[in-house]
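The values are calculated or read from the model by the stated rules, or taken from the named source; none is laboratory data. Remember, predicted model here, so these are calculated numbers, not experimental data. FYI the Cβ positions are ideal-geometry reconstructions off the backbone, even for glycines, and counts take in every protein chain you see.
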Amino acid sequence: MDHEKVNILLVDDQPAKLLAYEVILKELGENLVVASSGREALEVLLKTEIAVILVDVCMPELDGFELAAMIREHPRFQKTAMIFISAIQVSDIDRLRGYEMGAVDYVPVPVVPEVLRAKVKVFAELYRKTRELERLNQDLEDRVRARTAELENSTAKLRESEERRSMAIAAGKMGSWDWDWVSGDWMWDDGQYRIFGVDPENFEVNPANVQALLHPDDVDQLRKAIAEFNKGTRAYETEFRIVRPDGEVRWCVGTAAATADPNGRVVRVSGVTVDITERKRAEERQNLLAREVDHRAKNALALAQSIVRLTRADEMKAYVNAVEGRINALARVHTILSLSSWQGAELSRLIDEELAPYSPGGQIKLAGPEVQLLPATAQTLALALHELFTNSAKYGALSTRSGRLVIGWQAENDLLTLTWEETGGPQVRTPKSRGFGTRSLLASVESQLGGQAQFDWRSEGLLCRLEVPLTRKSAPTSAAQDKFEASTSPELQRASG
């Protein structure tokens with residue numbers, strides 16, 4: 001006798017096993033629907049009426065037990081027959097757990113085709129009979145509804161209340177919802193209220209109130225989704241923003257599936273909302289970091305280019321040493337800034353990095369508070385300190401064991417004042433012309449940072465005073481570089497390394 005075919009859902013992560021089940025069950029003449037994961041099975045269940053579910057116990061992400069628990073939480077699937085297939089020996093405790101999760105039977109592996117067909121056939125027939133009874137019962141309800149409007153209304157509300165109860169799809173920042181396309185009624189679960197930042201007790205879910213929570217620039221997404229469903233689309237996904245009552249903007253991704261009546265008209269839309277704000281923020285941080293890295297790399301290359309272009313020396317070895325020293329100084333401050341995610345650098349750390357190669361013993365004394373420098377200020381000041389240390393090691397206090405160096409600094413009213421005082425070294429004479437180191441120090445401090453550099457070539461040792469603003473932002477790299485090169489170019493032919 002011809003009968004209406006029912007849908008049998010086969011769930012297994014291994015294609016070979018799914019194919020084997022299809023071959024075994026093909027003789028039943030029913031509709032076989034396959035799903036390769038628990039999540040795919042849930043999507044099928046939301047869109048299709050299923051009579052029997054054949055599910056593998058061992059699967060990644062959602063195993064058979066977890067999938068069964070999620071299916072049973074939804075009112076539409078509380079009586080759906082589920083048969084577990086297990087490739088391992090199932091203990092009584094495992095069987096009991098399976099029955100508690102909603103299983104109606106177990107089939108061990110290797111599967112005996114005749115046994116599997118017989119079990120599935122029994123439940124398929126039971127489902128068919130149940131559906132026939134439901135149809136007969138519906139006819140009876142229609143007669144009663146025609147006579148008693150109050151009873152019909154009460155029954156409809158009870159059914160709608162059960163159907164609209166949201167299924168807990170996953171823990172975390174997710175929510176599910178149902179929208180009755182005919183009446184316009186909405187039903188949200190707790191996750192949906194939490195995402196939108198509203199109180200279930202005080203918030204009425206209706207199209208107007210929902211639209212009011214959407215970001216003004218994303219309201220068209222809702223209109224577009226409605227238009228797509230009216231055109232016959234059965235599934236829709238989009239990203240959108242919401243504005244919570246407290247003003248916080250959150251990013252979400254929404255997935256919706258439509259249910260149609262026999263005439264193809266949409267009667268209900270169910271969906272899931274996922275809060276992806278943290279992912280969006282991470283993407284923004286990543287993009288910002290990429291741009292920052294590009295910007296910093298260009299700055300570093302520009303400085304290195306200047307160092308190579310402007311450094312002069314009488315012989316190649318001296319030239320190489322001078323260039324390497326300056327680029328190493330730039331690399332050291334780059335490392336310090338990288339460790340702070342380019343938030344800034346401590347002045348004392350810059351000084352420690354520069355004096356480390358000299359093993360000064362008791363020759364150097366430092367005195368000053370902790371001062372945080374902006375990245376651009378730290379880079380420029382690091383190169384200036386490198387020139388002072390290099391000059392002192394070649395010609396000044398650090399060139400002899402008897403020499404002494406005192407570096408002191410203080411910060412007041414957003415102005416850093418650093419004093420460099422050398423004593424006990426070789427006798428100092430005021431230079432007839434400034435070398436590249438002195439000129440580059442002046443150019444970087446004055447042109448790039450808007451500060452001042454003063455030199456007093458005392459006979460007992462150099463006294464240098466640097467004044468640097470702490471809050472002023474440096475000029476764009478290209479402009480600052482032009483000033484730097486312009487200030488050093490007149491004496492390039494006479495400059496020493």
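Within segment 388-399, residues that are within 17 Å of Gln427 (Cβ to Cβ) reach partners that are among the aliphatic types (A, V, I, L, M) and surrounded by fewer than 21 Cβ atoms within 10 Å (Cβ to Cβ) with beta carbons closer than 7 Å, at six or more positions or on different chains, in the pairs Ser399/Ala393. If the condition is being among the hydrophobic types (A, V, I, L, M, F, W, C), in contact with a Gly (Cβ under 7 Å, 6 or more places away or on another chain) and under 12 Å from Thr471 (Cα atoms), then segment 362-377 contributes Leu373, Leu374. Residues in segment 210-234 that are surrounded by fewer than 16 Cβ atoms within 10 Å (Cβ to Cβ) and in contact (Cβ under 8 Å) with a residue 40 or more places away in the chain: Arg234 only.
A residue that is surrounded by 18 or more Cβ atoms within 10 Å (Cβ to Cβ) and modelled with pLDDT under 75 occurs nowhere in segment 403-411. Within segment 57-78, identify whether any single residue is of a type in the set (A, V, I, L, M), assigned to a loop (DSSP other than H, G, I, E, B) and touching a strand residue (DSSP E or B) at 6+ places or on another chain (Cβ under 6 Å), and answer yes or no. Within segment 57-78, one or more residues are of a type in the set (A, V, I, L, M), assigned to a loop (DSSP other than H, G, I, E, B) and touching a strand residue (DSSP E or B) at 6+ places or on another chain (Cβ under 6 Å). For segment 458-497, the tally of residues that are modelled with pLDDT of 50 or more and farther than 28 Å from Asp414 by Cα stands at 4. Given the criteria in contact with a Ser or Thr (Cβ under 8 Å, 6 or more places away or on another chain) and either assigned to a loop (DSSP other than H, G, I, E, B) or in contact (Cβ under 8 Å) with a residue 40 or more places away in the chain (or both), does Val253 qualify? No; evaluated as a whole, the condition is false for this residue.
Counted as qualifying within segment 132-242 are the helices (runs of 4 or more DSSP H) with 2 or more residues that are modelled with pLDDT of 85 or more, namely 190-196, 207-213, 219-230. Only a single criterion out of (1) assigned to a helix (DSSP H, G or I); (2) within 37 Å of the chain's Cα centre (by Cα); (3) charged (D, E, K, R) is not satisfied by Lys26, namely (2).
Restricting to segment 9-23, count the residues that are outside any loop (DSSP other than H, G, I, E, B) and crowded, with 20+ Cβ neighbours inside 10 Å. Final tally of qualifying residues: 4.
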